[in-house]
Amino acid sequence: MLQTKPLTILEQLNNAKEHMNDLGISQLMVSLVEKVDYIDPIQFFSHFQNQDLIRLFWKDSEDSFYLVGIDQFKTIETSQNRFDAIQKKREELLNQIYSPNGAEKGTGPVMLGGFSFNDTIYGEKWDSFNSGQMIIPKTLLTVNEDDYYMTYNVTLTENTDVDELYKELYSYKSRSHDGKQNSNQQLQSTNSLDYRNWSQLIEKAVGSIKNGTLGKVVLARELEAEFKQPININDVLVNLVNHQTDSFIYIFDQGDDAFISATPERLVKADDNELLSTCLAGTIKRGETPDEDSLLAHQLLNDEKNRSEHQYVVSMIKEAIEPLTYSIDIPTSPVILPLRSLQHLYTPVTARLKESQTIFDLIEKLHPTPALGGEPRHVAMQFIEENEPFERGWYAAPVGWVDADDNGEMAVAIRSALINQNKATLFAGCGIVEESDPLAEYEETKLKFTPMLEALGGTSQ
Ligand SMILES: C=C(O[C@H]1C=CC=C(C(=O)O)[C@@H]1O)C(=O)O
Ligand SMILES: [Mg+2]
């Protein structure tokens, strides 16, 4: 077969301008894609610090797929009915964007963003976050295994000078960047819900479980940490990439406020009509030695309380997905997913989707799973809203990306932090079932704070 040479960006721009003239319109949004040589995604992200630009970062849990989005080309936001509203606005927007290159997965008018845990979001801390925020960046780097792509999203008008615009697209290459590192970050203080209040909260939940109102509920606490110097997001990213290798890494950096997560939990991945989801619930620490480690793993696999926490998630995901699929594959028992400082019970879910559902339909069905909310879902959500003494914001909510062909992936933003200057608010929660003991659950949240606290430069809690 005759292989045609891919068009250069300049050729694509000229073609798009011609296309616009042919259509007789005065303005056209265009998504241009080119295959490029190796670019380090972490360095690329870091390059744009201190430029007042929104920066978005995504790494998948296999360490094989990265997206780095810089600046906003188009942003869609919602304050209510978040999944449905975003999907409708997205469709409208995509219909107007001309993508002359049949795009590779994760290139072209890709949207990156996230949602809040609840349908609405409140509180000063979360002022610059909406209940749904998806962004098509101006410039996007896509790394898929060994393939590298740049996407440029632009608006052409009658007056656009294509040669000028072409130069502008590449101007980022010559901008200098501030590579200063805060290697000696020092934690000054931390503040979180004290144990007495925590244990009252857990006892209340266990009471509701015993009287049959609830099956399971996930309760969390926030930890406010203050550092000596402003937190350097680039440093945090490097720490997370180095230490949380089996996690998704997600950053939504708006300059003054950044939300960061290094989460092992996938909500949903849509790859053509193949669906992947993950049941992750049930936790124990890692051992100091390989022997202790496997003893702990064995203990976790055979622990009734943790198995019950896990089973709620498996049953709910199965029930939610089954009607949408031709076939679904869920192993009958979980395996261990070891992370750097803790290990989880893990059951992968694979399914073949019946018809093309958008990733937002799937999120709507799945969020929140009983790994983040509880069972029954509405009762658990209400219990959380009435009893947890803080606003979850984007904690435990879907974050990720979707391309124009509906390929995409959403993780659940646990092991996360909201960062503002020298302050960070960290979040960690745990699944409460009938056998839950407040002290053990408190220790579990401590374990879950550790990776992010260490990445921020602190070590103690
Ligand atoms: C809610 C969190 O973890 C969930 C995910 C894995 C294991 C969990 C657990 O064992 O309790 C939680 O359900 C969190 O880290 O904030
Ligand atoms: Mg647990």
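The values are calculated or read from the model by the stated rules, or taken from the named source; none is laboratory data. Keep in mind that what you see is a predicted model, and the values were worked out from it rather than measured. No Cβ is skipped: glycine too gets one built from the backbone with ideal geometry, and neighbour counts run over all protein chains shown. These accessible areas exclude ligands, DNA and RNA; they are computed on the full protein's heavy atoms, side chains included. Shrake-Rupley method; radii C 1.70, N 1.55, O 1.52, S 1.80 Å.
Checking each residue in the range 195-225 for being of a type in the set (Asp, Glu) and surrounded by 15 or more Cβ atoms within 10 Å (Cβ to Cβ) picks out GLU222, GLU224. Strands (runs of 3 or more DSSP E) fully within the range 261-379 that include at least 3 residues being open to solvent by less than 70 Å² (accessible area, probe 1.4 Å), within 11 Å of ligand 1 (Cβ to nearest atom) and in contact with a helix residue (DSSP H, G or I) (Cβ under 9 Å, 6 or more places away or on another chain): 274-285, 342-353. The residues on offer are ASP71, ASP84, ASP60, ASP52, and the sole one that is touching a Ser or Thr at 6+ places or on another chain (Cβ under 7 Å) and either in contact (Cβ under 8 Å) with a residue 40 or more places away in the chain or in the same structural domain as PRO348 (by TED's automatic domain parsing) (or both) is ASP71. Of note, ASN182 satisfies the criterion of being modelled with pLDDT under 95 and surrounded by 14 or more Cβ atoms within 10 Å (Cβ to Cβ). In the set (1) open to solvent by 10 Å² or more (accessible area, probe 1.4 Å); (2) more than 16 Å from ligand 2 (Cβ to nearest atom); (3) in contact with a Gly (Cβ under 9 Å, 6 or more places away or on another chain), GLU434 fails one condition alone, (2). Being assigned to a helix (DSSP H, G or I), touching a Ser or Thr at 6+ places or on another chain (Cβ under 8 Å), in contact (Cβ under 8 Å) with a residue 60 or more places away in the chain and away from ligand 1 (no atom under 11 Å from the Cβ) is a property that holds for PHE383.
Would you confirm, using the coordinates I've provided, whether LYS105 is open to solvent by 60 Å² or more (accessible area, probe 1.4 Å), more than 30 Å from PRO389 (Cβ to Cβ) and touching a residue at least 24 places away in the same chain (Cβ under 8 Å)? Judged against the criteria, LYS105 is a match. Are any residues in the range 210-239 assigned to a loop (DSSP other than H, G, I, E, B) and either closer than 25 Å to PRO376 by Cβ or within 24 Å of the chain's Cα centre (by Cα) (or both), and if so, which ones? Across the range 210-239, the qualifying residues are ASN211, GLY212, THR213, LEU214, GLY215, PRO230, ILE231, ASN232. The residues of the range 417-437 that are within 15 Å of PHE449 (Cβ to Cβ) and within 8 Å of ligand 1 (Cβ to nearest atom), listed by number, are PHE427, ALA428, GLY429, CYS430. Only residues that are over 12 Å from LEU112 (Cβ atoms), among the polar types (S, T, N, Q) and in contact with a Pro (Cβ under 8 Å, 6 or more places away or on another chain) were counted across the range 61-101, and they come to 3.
Of all residues in the range 276-301, those being more than 15 Å from ligand 2 (Cβ to nearest atom) and over 21 Å from ILE414 (Cβ atoms) number 10. ALA205 falls short on exactly one of the conditions (1) more than 26 Å from MET381 (Cα to Cα); (2) within 16 Å of ligand 1 (Cβ to nearest atom); (3) part of a helix (DSSP H, G or I), and that condition is (1).
Looking only at residues of the range 21-42 that are part of a helix (DSSP H, G or I) and at pLDDT 95 or above, we find that the one that is nearest to SER99 (Cα to Cα) is PRO41. Being in contact with a strand residue (DSSP E or B) (Cβ under 9 Å, 6 or more places away or on another chain) and touching a residue at least 24 places away in the same chain (Cβ under 8 Å) is a description that applies to ASP37.
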